[in-house]
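Undergrad: Input: one structure, supplied below.
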Amino acid sequence: MAEETKTEPKQKTSSAKSTESAGKIRQIVKRMYKKAQQAKEENRKIAYCMVMCNYEEILEAMDVVQVYTENYAGLCAVKREAEQYMKKAQAVGYSDVLCGYAQVGIGFDAWRHELGAMPPDAPDGGMPEPDMLLGCSMGCDPRWKWYQALGRYKDTPIYNMEVLMPPSDADFDAIRAYYVRYMAEELRGLIAFLEKQTGKKMDYDRLTSIVKQVEETRQWWRKAYELRKAIPCPMSTQDHFVIFVPHHMLLTDPMTLDFYKGLYQELKERVDNEIGVIDDEKYRLLWGVGIPPWHSMYILDYFQSFGAVFAAETAYMIPEPFEMPYDITDPVELIALRAFERNSAIQRRGKEAGGVPPLAQAHLERIKDFTIDGVVMHITRSCRAATMGQILVRNVIRDYYPRLPVMFMESDIVDVETYSEAETKNQIDTFMEMVDVYRKSHR
Amino acid sequence: MAKVAQRGLIKAQELYEHRQTRAKELAKKGKKVIGYFCSYTPVEIFTALDLVPFRIQGKVGKPVEQAGQYLESIVCPYVRSCFDIALGGELDFLSGVVIPHTCDAMHRLYDIWKYHLKPPYSYSLYVPHMTHQASFDFFQKEIENLKTGLEQFVGRSASEQDLIKAIGLHNRSRALLKELYELRKPEPPLISGSEIIQVLVAGMTIPIEEFNELLEDILVEVHSRNPSAENKPRLLISGSEVDDDSLIRLVEECGADVVMDDLCTGSRFFWHDVDPSKEAIAGLAERYLKITCPRTYRPGKAAQRFNYLGDFIREWKAQGVILYTIRFCDTYQLDAPEMMDYIQSLGLPVLFLEDTYITSPLGQWKTRVEAFLETIEARRE
Ligand code: SF4
Ligand code: SF4
């Protein structure tokens, strides 16, 4: 998340080689929450949202201010302020192994409800009180059930929406029509809901132009991302976990388009001049699926001290490319089709590769394309969605790259109590020895 | 008469204790048995194609042997247990598996199951999370797809008539089960909660025709009982997968009657009929999306969402509720506090239990159950 860790890190080393683009994010995030708080004062409509639900453009076209609650939880974790909210959630009856983001978010709103005011000293001024809650089914169950659970503290109107993830072995051409139809209906339901909540009518021309702008934004990000295949790698995963913020939370903001153009220019310059994240890049690592340990991000720099750079990752991925068909003029249809094509792209490639599970396919592709010498995955106690399947990925990697070292780091996305620095460092020491052996024999 | 009537429950108990016996026998005779998970799999489709539906269940209290190499320790322990059993080869008699995308664990289990166990047939059924009109239309398509896939697998097709016949058989089963549940209403109930679990679990492992016959025998037997009133506390148990009778037995041994349930392996499995006046697939989509499980979004506040539980409590005169969840299950954990609020708003005490399933915490629960029953006793006085 776009933050500096509140305590520590003494051993921080990455910033020197961090991109300028990443350096801008802290201010962008601060501004984002400030704007949301101002919008509240101006009586504009605020929605609690989840990332990657495919509704960003629609909300923008309806002038609804988007507040991303998962990421607020991440922000609290980075600042090591999450615990107070988790404790609150547990005190009002939620399990200590419930999704950590949901614990933080529910704890935050339970506390606000109890006080009748913003919880004291909330990071970045806190999330403004929402006028609507917009969950979606893609990714995991907490991403819509969390908002339902807030019904305990608020009478805020909810629209929970289906975003489909087709099964890995589907006959994609056969299911396309009804998958797209359902998605489009869900989006139309959202528009009707928003029209009711805001008293405004959707401007479909505006929506179309926002959809186009978003596509352009993504193209720039993708172009920038491709540059990380270069040796030495011009940008690390540490920066990736910062620079994804505009895309995920300010997708429709024109600033975001400029941001990724700028990122591309910066990385291009680095590549042209062979400037890497570290001076002597010995090893290239992949951060595999798993939300990072927001509470202790500096641990990634420890790998760097061995001469290793995280050249790619499969967390907070850029959406798959999408060719906009010219014959579809209805932006809602377009978004629905885009969601289907994107959410089935890796499945399709995995199927074509002879039945590689999609999650593993994403890893195999990066291992090859980014010249990877080792994979690190993060088992997080309170996020099953990004954890279940990691062993499967490891097993598949073993089938395709029998000697490639894979390390499982264990802690949590928000709960720092679950994390042991000494143990993790020991693990990394051993892992890096294996990476060294692998690299010598394979590159 | 008494002798004949005894047969049903004993048979159910045998099937419960040896859950794979009958299915294996049928597989040996050449029948295809399809394993499935969850109350959301429309098993009528299997029946219509002369396939035997077999609900995959775990083993409470049995440590996992091999699953650790395939499933992370923070995964739903029930799912880990099921997968461990499959890895051990116990389910090799299955011709295929249907895993509905209901919760995150089920959704992700599909790829893991398929990659490592390579079943001859497998299908991941997307069950919509929402209940908009479009969700029902979509679900119909998914069910049709499941049917087509199975038809291709077995090399024959199921006509509308076949489906209607299968629906009739399953509706008949539901009617018999409801009749059995009626016999839990008297004071004292004519059938215990642990017997009910055995009957239901048994039924999930045999062809529907055999289950219906078994239920008819059991009904005669239970009707003929004439227990004397002991005025024990009457409890309802709500939660997810209780495929083992040990918890309910423990509660009953502690001196309560478990008279009603809201479980995946209980009423949730059979409560709603398929509307026979509808076109078969449409009726199935409507029936299965109606299931009241936390994994499906039903709009409204707690009082609206859980009112069916209030009806159960009133009609079965429950005096307390056990809320049972499995650790690492987000969907239940996110509903549990509101469910507790709701039950307490009806004036009933609730005991919240979080199960680790594989290492059953039964021993620690005994004291909590006893204390809970004392609370109810005190209230009754
Ligand atoms: S992906 Fe993980 S952290 Fe995010 S909402 Fe889902 S369970 Fe929680
Ligand atoms: S107990 Fe929960 S996590 Fe486990 S299979 Fe059932 S719904 Fe899914």
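The values are calculated or read from the model by the stated rules, or taken from the named source; none is laboratory data. What you are looking at is a predicted structure, and each value in this text was computed from that prediction instead of being measured. Here Cβ is always computed from backbone atoms with ideal geometry, including for glycine, and neighbour counts include all displayed protein chains. The protein model used for the area step is the full one, side chains on, heavy atoms only, and it has no ligands, DNA or RNA in it. Shrake-Rupley method; radii C 1.70, N 1.55, O 1.52, S 1.80 Å.
A quick yes/no check of all residues on (1) of a type in the set (A, V, I, L, M, F, W, C); (2) outside any helix (DSSP H, G or I):
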site: A:GLU215; (1), (2): no, no
site: A:PHE241; (1), (2): yes, no
site: A:PHE259; (1), (2): yes, no
site: A:GLU269; (1), (2): no, no
site: A:VAL277; (1), (2): yes, yes
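Undergrad: Among the residues of region B:349-356, are any in contact with a Lys or Arg (Cβ under 9 Å, 6 or more places away or on another chain), at the interface with chain A (Cβ under 9 Å from one of its Cβ atoms) and within 16 Å of ligand 1 (Cβ to nearest atom)?
TA: No, region B:349-356 has no match at all.
Undergrad: Can A:VAL375 be described as outside any helix (DSSP H, G or I), in contact with a strand residue (DSSP E or B) (Cβ under 7 Å, 6 or more places away or on another chain) and touching a residue at least 12 places away in the same chain (Cβ under 8 Å)?
TA: Yes.
Undergrad: Let me ask something else about it. Name the pairs: first residue in region A:285-314 and in contact (Cβ under 8 Å) with a residue 40 or more places away in the chain and more than 16 Å from ligand 1 (Cβ to nearest atom), second residue of a type in the set (Asp, Glu) and in a loop (DSSP other than H, G, I, E, B), Cβ to Cβ under 7 Å, at least 6 apart or on different chains?
TA: From residues that are in contact (Cβ under 8 Å) with a residue 40 or more places away in the chain and more than 16 Å from ligand 1 (Cβ to nearest atom), the pairs are A:LEU285/A:ASP373; A:TYR298/A:GLU8; A:VAL309/A:GLU281.
Undergrad: When only residues in region A:59-108 that are away from chain B (no Cβ under 14 Å), open to solvent by 10 Å² or more (accessible area, probe 1.4 Å) and over 26 Å from A:TYR298 (Cβ atoms) count, which is farthest from ligand 2 (Cβ to nearest atom)?
TA: So the residue we want is A:ASP63.
Undergrad: Here's another thing I want to ask about it. Consider A:ASP272 carefully, then state whether it is free of Cβ contacts under 8 Å to residues at least 24 places away in the same chain and either open to solvent by less than 20 Å² (accessible area, probe 1.4 Å) or out of contact with any Ser or Thr (no Cβ under 6 Å at 6 or more places or on another chain) (or both).
TA: In short, yes.
Undergrad: For region A:50-75, which positions are part of a loop (DSSP other than H, G, I, E, B) and not charged (D, E, K, R)?
TA: Correct list: A:MET50, A:VAL51, A:MET52, A:CYS53, A:ASN54, A:TYR55, A:MET62, A:VAL64.
Undergrad: Can you tell me which residue within region A:119-142, out of those that are at negative phi and open to solvent by 20 Å² or more (accessible area, probe 1.4 Å), is farthest from the other protein chains (Cβ to nearest Cβ)?
TA: Filtering first and then ranking leaves A:PRO120.
Undergrad: Being more than 14 Å from chain B (Cβ to nearest Cβ), without any contact (Cβ under 8 Å) to a residue 40 or more places away in the chain and either open to solvent by 20 Å² or more (accessible area, probe 1.4 Å) or touching an Asp or Glu at 6+ places or on another chain (Cβ under 9 Å) (or both): is that true of A:GLU410 here?
TA: Criteria not met by A:GLU410.
Undergrad: Hey, could you check region B:69-104 for residues that are free of Cβ contacts under 8 Å to residues at least 12 places away in the same chain and open to solvent by 10 Å² or more (accessible area, probe 1.4 Å) and say which is farthest from the other protein chains (Cβ to nearest Cβ)?
TA: Going through the qualifying residues, I end up with B:ASP92.
Undergrad: Right, another one. Yes or no: B:HIS107 within 16 Å of ligand 1 (Cβ to nearest atom) and open to solvent by 20 Å² or more (accessible area, probe 1.4 Å)?
TA: Against the criterion (within 16 Å of ligand 1 (Cβ to nearest atom) and open to solvent by 20 Å² or more (accessible area, probe 1.4 Å)), B:HIS107 qualifies.
Undergrad: Scan B:PRO100, B:PRO128 and give me the residue that is in contact with a helix residue (DSSP H, G or I) (Cβ under 8 Å, 6 or more places away or on another chain), within 29 Å of A:ARG384 (Cβ to Cβ) and in a strand (DSSP E or B).
TA: Within the list B:PRO100, B:PRO128, the selection yields B:PRO100.
Undergrad: Follow-up. Please determine, by comparing only the residues of region A:363-380 that are surrounded by 22 or more Cβ atoms within 10 Å (Cβ to Cβ) and within 16 Å of ligand 1 (Cβ to nearest atom), which one is nearest to the other protein chains (Cβ to nearest Cβ).
TA: Only one residue tops the list, namely A:THR380.
Undergrad: Testing B:THR21 on (1) closer than 30 Å to B:PRO361 by Cβ; (2) in contact with a strand residue (DSSP E or B) (Cβ under 8 Å, 6 or more places away or on another chain), one condition comes back false. Which one is that?
TA: That leaves (2) as the condition not met.
Undergrad: Looking at region B:28-42 only, could you name the residues that are open to solvent by 10 Å² or more (accessible area, probe 1.4 Å) and either within 16 Å of ligand 2 (Cβ to nearest atom) or not basic (Lys, Arg) (or both)?
TA: Within region B:28-42, B:GLY30, B:CYS38 meet the criteria.
Undergrad: All but one of (1) among the hydrophobic types (A, V, I, L, M, F, W, C); (2) in contact with a Ser or Thr (Cβ under 8 Å, 6 or more places away or on another chain); (3) open to solvent by 10 Å² or more (accessible area, probe 1.4 Å) hold for B:LEU190; state the number of the condition that does not hold.
TA: (2)
Undergrad: Only one residue in B:LEU351, B:LEU373, B:LEU334 is under 25 Å from B:LYS59 (Cβ atoms) and open to solvent by less than 50 Å² (accessible area, probe 1.4 Å), so which one is that?
TA: One residue alone meets the criteria, B:LEU351.
Undergrad: Mind counting the residues in region A:153-165 that are assigned to a loop (DSSP other than H, G, I, E, B), under 20 Å from the mean Cα position of the chain (by Cα) and either more than 7 Å from chain B (Cβ to nearest Cβ) or over 28 Å from A:GLY116 (Cβ atoms) (or both)?
TA: Count: 4.
Undergrad: So B:ASP262 clears everything in (1) away from chain A (no Cβ under 14 Å); (2) in contact with a Leu (Cβ under 9 Å, 6 or more places away or on another chain); (3) surrounded by fewer than 22 Cβ atoms within 10 Å (Cβ to Cβ) except one condition, right? Which one?
TA: That leaves (3) as the condition not met.
Undergrad: Collect the residues in region A:170-187 that are crowded, with 19+ Cβ neighbours inside 10 Å and acidic (Asp, Glu), keeping them in residue-number order.
TA: Answer for region A:170-187, where residues must be crowded, with 19+ Cβ neighbours inside 10 Å and acidic (Asp, Glu): A:GLU185, A:GLU186.
Undergrad: Do you know which of the residues in region B:265-308 that are within 14 Å of chain A (Cβ to nearest Cβ) and open to solvent by 40 Å² or more (accessible area, probe 1.4 Å) is farthest from ligand 1 (Cβ to nearest atom)?
TA: B:ALA303
Undergrad: Here's another thing I want to ask about it. Which residue is nearest to the other protein chains (Cβ to nearest Cβ), if the candidates are limited to region B:105-120 and must be touching a residue at least 40 places away in the same chain (Cβ under 8 Å) and within 17 Å of A:ILE397 (Cα to Cα)?
TA: Out of the qualifying residues, it is B:ILE112.
Undergrad: What do you reckon, is B:CYS264 within 16 Å of ligand 2 (Cβ to nearest atom), touching a Lys or Arg at 6+ places or on another chain (Cβ under 8 Å) and either assigned to a helix (DSSP H, G or I) or among the hydrophobic types (A, V, I, L, M, F, W, C) (or both)?
TA: Criteria not met by B:CYS264.
Undergrad: Any idea which residue in region A:153-173 is farthest from ligand 1 (Cβ to nearest atom), counting only those that are out of contact with any His (no Cβ under 8 Å at 6 or more places or on another chain) and over 25 Å from B:PHE139 (Cα atoms)?
TA: Restricting to residues being out of contact with any His (no Cβ under 8 Å at 6 or more places or on another chain) and over 25 Å from B:PHE139 (Cα atoms), the top hit is A:ASP155.
Undergrad: Next question, about the same structure. When only residues in region A:143-152 that are at the interface with chain B (Cβ under 7 Å from one of its Cβ atoms) and either without any contact (Cβ under 8 Å) to a residue 12 or more places away in the chain or closer than 21 Å to A:LEU59 by Cα (or both) count, which is nearest to ligand 1 (Cβ to nearest atom)?
TA: That would be A:TRP146.
Undergrad: Let me ask another. Do we find that B:PHE328 is within 11 Å of another protein chain (Cβ to nearest Cβ) and not polar (S, T, N, Q) in this structure?
TA: It is true that B:PHE328 is within 11 Å of another protein chain (Cβ to nearest Cβ) and not polar (S, T, N, Q).
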